[in-house]
Amino acid sequence: MSILAEVTGSLGSIGYGLAAIGPGIGIGIIFGQGVQAIARQPEAYGVIRQNMILGFALAEALALIGFVVPFVFGK
Amino acid sequence: MNFSTLATESCHLVPSGCGFPAPSADIFFLKPYATFSLFGINFEVNKTVILVTMVAIIVIGFFMAAFRAPKIVPGKLQSIGEQAYLFIRDQIAREVIGSDGDRFVPFLASLFFFVWIANLMGVIPGAQFPVMSSLAFPVSLTLMVYVTYVVIGMKSQGPIKFFTNAAFPPGVPKVMYVLLTPLELLGLLVTRPVTQAIRLFANMFAGHLLITTFTVGAWYLFSPSVIGALGSVTSFGVTVVLTGFEMFIQGLQAFIFTLLTAVYIGGSLHAEH
Amino acid sequence: MNDPDAKYPTSNDGRETADMAWRVVSYLSAGLLFYGGLGWLIGKYFGHQQLFIAAGLIIGIMLALYLTYARVTAIGRDATTSDLRNPPQ
C-alpha cells in the first residue's frame, strides 16, 4: 500500500495550534457573556465573577494539556 | 543566515527558483564587533550590547534633563517628564497597590520606560533588533522584580508568615493541605517570574521573526514579472501593517510587565485575606 | 477590600478578578509541572513512565481546579450577594 499523503515535521506544534482553537473560543464566550451579565445586573457582580473564574479555569486546563502532551507523548 | 551573503547571492524566486531562505532563530545571534575575556568568561560586544547601552543612556538622559532644574510652572521637557511619571503613578501604582505604592513609582517607571524603549528598537531603522527578544534581558529584569517582591513580602509580613499566608487557602479541609500547598508555593515562587519573563520574551521574539519573514519574502519575490510584482508588493504591504501592529504590542507588553510587577509588589505588601 | 455598601463593581473588583485569572493560569501550570514531575519520577523507578506521567498530569489538573474552586468561593464569601448562602464562619 503506497502512502498517499503525509505530514512530517513538528507535529506537536500543529497539535498545540489545533488544541488552542477550542479554549480560545470558549474563554472568549465566557468572559463576553460574563461582562454582558454584569452590565445587565451590576449588583450580582460577586456571583458572576465566581462563575466566570471557574469556567475560565476549566477551559484553560484543556489548552494547557494541549501544550504539554506533545512533549510527553511525542517522539 | 547572514544577510550580506543573501544579498550577494541574488536568490530570487523567478530567475533561479532556489528555496525560500526562511529566517529561523539564527537571526537572533548577531555577529560580535569585539570580544574580550575577563576572569575566564568570554564577553562579546555586538549590536545588542550597543543598543541596550543606548537605551539606558536615552532613558536616564531624558529623565535627568526633564527634572534637572524643576520649576513650579513647568517648561516643555519637564511637563512631558511629569506626565510620564504621573502616568505610572496614577494608572499603575495607585490603581494596583494603593497610596502606599508611591515609593515604588521610580522603580516601576524605570522598568516601564526601559522595556518600552528597548522594544522600540525593533522598529527603528538602523537598529531593528528588539533588545528584549534576547532571553537574557527579560530574565535579568524579572530577577530584579522577583528579589524585590520576595524581600518586601518577608519584610512586611514576617519571613515565615509570608509563605504560610500564601500557602494555605482558606475553606479547604485540613487533609488537602498536603496536596495543595506545593501548588501554591510553586505558583508563588516559580510560575510567576517564569511566566513574566517568557511572556515578554516570546512576544518580542515572535514579532521580530514575523517582520523579518515578510521582509525577506518581499525581497525574495522581487523580480520583473507578474508574480514578482504582486507577491513582492503584497509582502511589503504586510510588513508595513505588521510593523504598526508590532509597535502597539511593544507598548502593551511594557505596560503588562510593569503592571504585573506592581501586582506582585502589592500582593507582598498586603497579605491575602 | 470589598465595600459591603457598594452596589456597583469598583476598580478594586476589576483588579481582583484579573489577579484571580492570572492565579488560575499559575495554579494550572504549577499543578501540571509538580504532579507531572512526580509522575515522571515515580515512572523512572517503577517503569511504565508514560502511564505515570499521564496520571500525574491528570491529578495535577484536578487538584489545580479544586484549588481554584476553593480560592474563588473563599473570595465569594466576603462579597455581599453570597452572604446569605455562605454565612461567614
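No value in this document is a laboratory result; all are computed from the given coordinates. Owing to the predicted nature of the structure, the values given are computational and were not obtained by experimental measurement. Please note: Cβ atoms are built from the backbone with ideal geometry, for glycine as well, and neighbour counts cover all protein chains shown.
Within the protein assembly as shown, what is the number of lysine pairs with alpha carbons under 28 Å apart, leaving out pairs fewer than eight places apart on the same chain? It would help to have the intermediate numbers written out before the result.
Details: A:Lys75/C:Lys44; B:Lys31/B:Lys47; B:Lys155/B:Lys174; B:Lys161/B:Lys174.
Lysine pairs, 8 or more places apart or on different chains, close enough: 4.
Per residue, the convex hull spanned by the Cα atoms of the range B:107-228 measures out at 160 cubic angstrom.
Extending 7 Å from Cα along the Cβ direction at B:Ala56 and again at B:Ser24 yields two label points whose distance is 3.4 nm. Once the C-beta distance of B:Asp102 and B:Leu143 is scaled by a Förster radius of 30 Å, the resulting FRET efficiency is 0.80 to the nearest 0.05. The phi-based Karplus calculation (6.51 cos²θ - 1.76 cosθ + 1.60; θ = phi - 60°) puts the 3J(HN,Hα) values of the range A:2-17 at 8, 7, 8, 9, 8, 10, 10, x, 8, 5, x, 5, 4, x, 5, x Hz, whole numbers, x for Gly and Pro. Using R0 = 41 Å, the C-beta based FRET efficiency linking C:Asp19 and B:Ala69 works out to 0.50.
Structure remark: mean-square fluctuation, Gaussian network model of chain B, C-alpha springs under 10 Å; the largest value among B:Phe168, B:Phe201, B:Phe214 belongs to B:Phe168.
Principal-axis analysis of the Cα atoms of chain A puts helix A:45-73 at an angle of about 10° to the longest axis.
Here the residues B:His270, B:His208, ranked from fewest to most Cβ neighbours within 10 Å of their Cβ, fall in the order B:His270, B:His208. With the helix formula -39500 (n - 2.57) applied to DSSP H stretches of n ≥ 4, the protein assembly as shown reaches a computed 222 nm mean residue ellipticity of -23500 deg cm²/dmol. Using bins of 20 Å that start at zero, the share of Cα-Cα pairs per bin across the protein assembly as shown amounts to 19, 49, 28, 3, 0, in whole %.
For B:Phe222, the amide hydrogen comes within under 5 Å of the amide hydrogens of B:Leu13, counting only partners 5 or more places away or on other chains and with H modelled in the peptide plane. Applying the criteria of a DSSP loop state and at most 14 other Cβ atoms within 10 Å to the trypsin sites (Lys or Arg not before Pro) of the range B:49-106 yields B:Arg68, B:Lys71. Taking the longest Cα principal axis of chain B as reference, the axis of helix B:136-157 is set at about 10 degrees. The angle between the Cα long axis of helix B:105-120 and the longest principal axis of the Cα atoms of chain B comes to about 10 degrees, rounded to the nearest 10.
Per residue of B:93-102, other chain Cβ atoms within 10 Å of the residue Cβ number 1 on average.
Taking 7 Å steps out from each Cα toward its Cβ at A:Leu11 and C:Leu51 produces label points 2.3 nm apart.
Could you compute Rg(Cα) / (2.2 N^0.38 Å) for chain B, with N its residue count?
Values: Rg = 23.5 Å, N = 273, 2.2 N^0.38 = 18.5 Å.
Taking N as the residue count of chain B, the ratio is 1.27.
Distances between placed amide hydrogens fall under 5 Å for B:Asn46 paired with B:Tyr33, all partners being 5 or more residues away or on another chain. Taken as Cα centroids, the range B:24-92 and the range A:1-67 sit 38 Å apart, rounded to the nearest whole angstrom.
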